[in-house]
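The values are calculated or read from the model by the stated rules, or taken from the named source; none is laboratory data. Nothing here was measured: the structure is a model prediction, and the numbers come from that model. Glycine also receives a Cβ, built like all others from the backbone with ideal geometry; neighbour counts cover every protein chain displayed.
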Ligand code: NAD
């Protein structure tokens, strides 16, 4: 049997095995089979990467903006060149349909790199004239060595969302993708070498949260941490960095509502979007609407149409273009999601469709597939409606009036994203202002503009990423006051 391909860390411009020579198994979720080995790096690898980033940071900070932008652009072009390979790899690593990786994940990684390459050339800082007495101007200087930590659900998409603004603003980066889906980030490391990034400017250390993430965020030379992942890990990072007053941007979990009012335009296309907002990427998108609130006067009619569409979703081999949903990302996550469905049953929830694992014959017989599941009959304070499941599970909740819808929607500890569907413009604006979420979509979902502030409130996050917010996060503002009289 030929040995499994081994991924490499990228440290100081060199592709390296972990110092401890320990490895993690990487499984293909669609088959349950091993297909690669990932470095199980430790604090020694982190130390080497942070030392390299610290050495590289001053040179990178003083590299002309145009040159930094050109390198990011070159990297985008290489990702675009390898789009098909990367899409296949992302699908193999995460279980998502290839067609989704091809149409969403990898194009979005290209867009992230291009967006921040362009943004940095357009960015300017402020000046404040204090009458005729003084002139203030603000320098926005890079921080030095920064950490970017990303999760498994949109692996390359979220990895590039962080490293692109960090690099564009002149920081040297130590990045850690999820150990569950490390493959495309490792490939990006190779492409960064091909693009010609100077050694140490982008370092990628592969391994677990305790093995790599923790020593990285605690490292005294790391000035800021941009993290996307679970609320539990976000809390651990907040604790680990608080006493050192590091900058943190924490993008965490959600329990997002989609609110459908009786007056909503429920055209087939809109209904399609509502279905997608629950089940895209197997429901493994932090922005998915897992609580579907529907006004009681249309509840039964809506439910019938909605269920018909959900039942038509095809779960299958991610390589099959006909598959709408692929496999869940890992055995552990499969167990979690199926356990949540069991809990919903024990809480008195009625399973309207799905509710079980799906067995796919042939190549995917050992895969971790779950049927799109719709549940009704649970109160908003049930664990099912309060805790993030992060899988293909949506609960239906009826409401009578706007006030009640807002109370249910706001009635969780999370506050990442909400979507609302109504033809009443005044209601749309009124509700949007009162929804306690960082992002509100009206009559749409996942319609993204990379310039907009992205992030959550309450247990969903601190800070905003995207556009100017990301450029601000990765720089320190220094005000300079010149006396004029
Ligand atoms: P996770 O918190 O388990 O892991 C995320 C990353 O943090 C991984 O790279 C992991 O190795 C690392 N990590 C784990 N422990 C660490 C520690 N102590 N110190 C530093 N790093 C550590 O999350 P996950 O299971 O990979 O991702 C799913 C979660 O991510 C869900 O809760 C989802 O809602 C959330 N998410 C949020 C957003 C957003 O933008 N708000 C986007 C995508 C996913």
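Values for this structure:
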{"read-out": "Qualifying residues in the stretch 415-446 (those that are in contact with a helix residue (DSSP H, G or I) (Cβ under 7 Å, 6 or more places away or on another chain) and assigned to a helix (DSSP H, G or I)) - the one farthest from the ligand (Cβ to nearest atom)", "value": "427"}
{"read-out": "Test set (1) within 16 Å of the ligand (Cβ to nearest atom); (2) within 17 Å of residue 110 (Cβ to Cβ); (3) surrounded by 24 or more Cβ atoms within 10 Å (Cβ to Cβ) - residue 157 fails condition number", "value": "(3)"}
{"read-out": "Residue match in the stretch 356-373 (condition: in a loop (DSSP other than H, G, I, E, B) and over 18 Å from residue 31 (Cα atoms))", "value": "yes"}
{"read-out": "Pairs, first without any contact (Cβ under 8 Å) to a residue 12 or more places away in the chain in the stretch 68-87, second surrounded by fewer than 23 Cβ atoms within 10 Å (Cβ to Cβ) and in a helix (DSSP H, G or I), C-beta under 6 Å, six or more apart", "value": "none"}
{"read-out": "Number of positions in the stretch 160-188 that are in contact with a strand residue (DSSP E or B) (Cβ under 9 Å, 6 or more places away or on another chain), more than 15 Å from the ligand (Cβ to nearest atom) and in a helix (DSSP H, G or I)", "value": "2"}
{"read-out": "Some residue of the stretch 46-53 being in a helix (DSSP H, G or I), in the same structural domain as residue 121 (by TED's automatic domain parsing) and within 17 Å of residue 169 (Cα to Cα)", "value": "yes"}
{"read-out": "The stretch 234-254 - residue that is assigned to a helix (DSSP H, G or I) and surrounded by fewer than 20 Cβ atoms within 10 Å (Cβ to Cβ) and, of those, nearest to the ligand (Cβ to nearest atom)", "value": "236"}
{"read-out": "Close pairs from the stretch 458-471: first part of a helix (DSSP H, G or I), partner within 13 Å of the ligand (Cβ to nearest atom) and modelled with pLDDT of 95 or more, Cβ under 6 Å, at least 6 apart", "value": "469/453"}
{"read-out": "Within the stretch 110-154, considering residues that are over 18 Å from residue 474 (Cβ atoms) and touching a helix residue (DSSP H, G or I) at 6+ places or on another chain (Cβ under 9 Å), the one farthest from the ligand (Cβ to nearest atom)", "value": "110"}
{"read-out": "Boolean, residue 262 is more than 16 Å from the ligand (Cβ to nearest atom), surrounded by fewer than 22 Cβ atoms within 10 Å (Cβ to Cβ) and closer than 30 Å to residue 290 by Cα", "value": "yes"}
{"read-out": "The one condition in (1) part of a loop (DSSP other than H, G, I, E, B); (2) away from the ligand (no atom under 16 Å from the Cβ) that residue 388 fails to fulfil", "value": "(2)"}
{"read-out": "Filter result for the condition that a residue is under 19 Å from residue 358 (Cα atoms) and touching a helix residue (DSSP H, G or I) at 6+ places or on another chain (Cβ under 9 Å), over 316, 289", "value": "316"}
{"read-out": "Residues within the stretch 387-427 that are exposed (fewer than 15 other Cβ atoms within 10 Å of the Cβ) and in contact (Cβ under 8 Å) with a residue 60 or more places away in the chain, tallied", "value": "4"}
{"read-out": "Residue 407 more than 16 Å from the ligand (Cβ to nearest atom), assigned to a helix (DSSP H, G or I) and more than 30 Å from residue 27 (Cα to Cα)", "value": "yes"}
{"read-out": "Condition check for residue 295: modelled with pLDDT of 95 or more and surrounded by fewer than 17 Cβ atoms within 10 Å (Cβ to Cβ)", "value": "no"}
{"read-out": "Residue in the stretch 12-21 that is assigned to a strand (DSSP E or B), in contact with a strand residue (DSSP E or B) (Cβ under 7 Å, 6 or more places away or on another chain), surrounded by 20 or more Cβ atoms within 10 Å (Cβ to Cβ) and in the same structural domain as residue 180 (by TED's automatic domain parsing) present", "value": "no"}
{"read-out": "The stretch 305-331: number of residues that are out of contact with any strand residue (DSSP E or B) (no Cβ under 8 Å at 6 or more places or on another chain), under 19 Å from residue 273 (Cα atoms) and surrounded by 21 or more Cβ atoms within 10 Å (Cβ to Cβ)", "value": "0"}
{"read-out": "Tabulated pairs, the stretch 272-288, first outside any helix (DSSP H, G or I), second surrounded by fewer than 23 Cβ atoms within 10 Å (Cβ to Cβ), C-beta under 7 angstrom, 6+ apart or interchain", "value": "287/446; 288/280"}
{"read-out": "Test set (1) in contact with a helix residue (DSSP H, G or I) (Cβ under 6 Å, 6 or more places away or on another chain); (2) outside the structural domain of residue 411 (by TED's automatic domain parsing); (3) in a strand (DSSP E or B) - residue 294 fails condition number", "value": "(2)"}
{"read-out": "Members of the stretch 194-225 that are touching a strand residue (DSSP E or B) at 6+ places or on another chain (Cβ under 9 Å) and either under 17 Å from residue 109 (Cα atoms) or without any contact (Cβ under 8 Å) to a residue 40 or more places away in the chain (or both)", "value": "202, 204, 209"}
{"read-out": "Positions within the stretch 214-233 being closer than 20 Å to residue 40 by Cβ and buried (at least 24 other Cβ atoms within 10 Å of the Cβ), in sequence order", "value": "216, 217"}
{"read-out": "Count of residues meeting criterion [assigned to a loop (DSSP other than H, G, I, E, B) and farther than 30 Å from residue 367 by Cα] in the stretch 97-135", "value": "7"}
{"read-out": "Residue check for residue 211: away from the ligand (no atom under 12 Å from the Cβ), under 21 Å from residue 44 (Cβ atoms) and not in a loop (DSSP other than H, G, I, E, B)", "value": "no"}
